[in-house]
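Worksheet for the structure shown next.
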Amino acid sequence: MTTISHIAFEVPRRYRIEEILFWNALGFYQQHSHAHPNKNWLSDSSNTFIHLLPSNTTTLHTPNTHIAMVPRYGVDATLDNLARLPFTVTAEVAAKHWGSRRIFITSPSGFHLELLDFCPPSRHSGPPTDDLTHQHTDPT
């Protein structure tokens, strides 16, 4: 099994606190250890880390891509957590895929995330192959 250790996001310094609160609402919490003294590392219970890289840029990040995640406490609880933040997080509902709801949200620095009820079914029924191509099919 492949595991992602961490994802790094460059964030304008002025949005650092809002980014931390945003990721807290998604179940990621600051690491207060000797290994992470700058408090810009956050992790969830599965030890997946988010590394916030403070930047002097004033431009918000607006990628054409997104990260898809299944929130630990579920989509509804996560949306409730986001609604309690002292700033607005817009949630855009998209068409379901493979029976899962898909809700797109944007972090204070402009990073796009897709919240899912559950992961898509595996496209591979056997051992890994060298074929890196796959087709997107929506069985619903």
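FYI, it's all coordinate maths here, none of it is from the lab. These numbers come from a predicted model, not from an experiment. Heads up, the Cβs are rebuilt from the backbone with ideal geometry, glycines too, and the neighbour counts pull from every protein chain shown.
Some observations on this one:
- Computed label-point distance, nm, for sites residue 96 and residue 70 using a 7 Å Cα→Cβ extension: 1.6
- Among beta bridges identified by DSSP and lying wholly in the stretch 6-116, the antiparallel ones come to about 60 percent.
- Once you divide the Cα radius of gyration of the stretch 6-116 by 2.2 N^0.38 Å, the number left is 1.05.
- For residue 10, the residues 5 or more places off, or on other chains, whose built amide H falls under 5 Å of its own are 53.
- Residues 106, 62 arranged by fewest to most Cβ contacts within 10 Å: 62, 106
- Extension gain from residue 24 to residue 8, taking 0.36 nm per residue of separation minus the Cα-Cα distance: 4.2 nm
- Between residue 44 and residue 83, residue separation times 0.36 nm minus the direct Cα-Cα distance comes to 12.1 nm.
- Listed by Cβ neighbour count within 10 Å, with the fewest neighbours leading, 111, 28, 104, 118 appear as 118, 104, 28, 111.
- Other-chain or far-sequence residues with amide H under 5 Å of residue 49's (modelled H): 6, 7
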